[in-house]
Each structure stands twice: as C-alpha cells, then as structure tokens.
1. Nearest 10 degrees, 0 to 90: what angle lies between the long axis of helix 46-56 and the longest principal axis of the chain (Cα atoms)?
2. Greater than 30 Å separation of Cα atoms is the criterion. Which listed pairs, K87/K133; K133/K162; K50/K87, meet it?
3. Antiparallel DSSP bridges in the chain: what percent, to the nearest 5?
4. Determine ³J(HN,Hα), in whole Hz, for all residues of the stretch 153-170 in sequence, where each value follows from phi through the Karplus function 6.51 cos²θ - 1.76 cosθ + 1.60 and θ = phi - 60°; x replaces Gly and Pro.
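What follows draws every value from the coordinates through simple rules; no lab data is involved. Quantities reported herein were computed from a predicted structural model and do not represent experimental measurements.
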Amino acid sequence: MPSCMEIIPIEHPRAIERAIAVLDRGGLIVFPTDTVYGLAARVDNVNGIKRLYQVKERAPSKAIAVLLGDFSQLPLLTISLSPNAEKLIQAFWPGALTVVVERPPDLPAVLSPSSTIGLRMPNHPFARTLLSKTGPLATTSANISGQSDTLSIPDVLAQLVKRIDLLLDGGTVPLGQSSTVVDCTQDPPVILRQGPISMEQIHRVLMT
C-alpha cells in the first residue's frame, strides 16, 4: 500500500495528466462521479484490478463494474446489446444506471467471476472527460466493502487514506447514492440494486 497519496482538485490543469500517469503504472485513483466517489484501475491492467480488490477488501466473488466516458467506447466492452439494454442505455445514459451485459472475452476475467460485466456512463463532466482520455476504467465505489459510500473528500480519507495513489477532489458528489443496477442478460431484465433510478422508471422504459 502507498505510504502517501497525492490530492489534486479536479480544476487543476494537470489533474487528468496525473491520473493517466498513475493509472499507466498500475496505480489506483479515486475520482468523483454523479453518484459516489469511484476507486479505479486501468481496465486492461490485471495487477491493478487485483490491487483494487485488495484495497477495497472486496471478495473475489463480487464483480467490478466498468465506467466509460462516451458511446464510442461501448463496442469495446460488449459482445452485443439486447434490445432491452439498448432501451435503458438510450433512456438513462449518461446517468445513475449500471447495465449488466455479456463480458467480451478480451476483458480480464478478474473483473468478474461470471460471464457478465456491469457498465455505466456517469453524468459528471469531469468523470466523463477523464474516462474519455483514459479509456474505460475498472471502477467500484471508493469505500471499504461493507462500509458507507464516500460522498466527499473527508469520507474518502476516513476509509482509504494511505491505500490509494491519487485522489481527485471534486467536492461533494451530487446524488450521494450508488447507481441502480439492472441485469440485461435476462429477459425480462432484473433489477439487482435499487438506486436513484426507480423500478417504475425502468419498467416504463422497457414497456415502450
């Protein structure tokens, strides 16, 4: 674990440059999203993803989602999208919805114990700019497993100080609640976690 970490405000002109440098050497960053702060590693760095599990104290049986910055990155992360997945993505991205889809074989198996992967495009200007520059990132909530989500810099420091390499300070996040998760590999889709997007909103879109 790192003995020190760097904290940079997201407004800093070199914030994204520093994030890329940390990620490229297998390091871990924390950055704000629309929902909660996220803990991230490069999606193609197996050692970085393993370290993410270690830092979060997350069981290997629990998958790590992937965040993307724009729709052009989506084909890299899916085998195909079901009509239901396409409906939900068009309705709620960018936003607080994670869709579970079939995992392409070239994504590291360490991301998920199953053949599926969760994908999300956050509705946060800095997060999307960062992800557009870094490429998709393996990202989970920036907290120790079983503890409360981190919504501000003091929250992150209370749980992850000396465990990460770079903390990008974006103040308090807007929504303060983890995303809604919908498994789109099943028909009809199954809501795995309730979040800011309600069951009623999901069903309304799927019925159109």
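1. Its long axis makes an angle of about 80 degrees.
2. Numbers: K87/K133 27 Å; K133/K162 26 Å; K50/K87 33 Å.
Beyond 30 Å between Cα atoms: K50/K87.
3. Beta bridges within the chain, antiparallel portion: roughly 60 percent.
4. 4, x, 4, 5, 4, 5, 10, 10, 4, 6, 10, 10, 9, 8, 10, 9, 8, x
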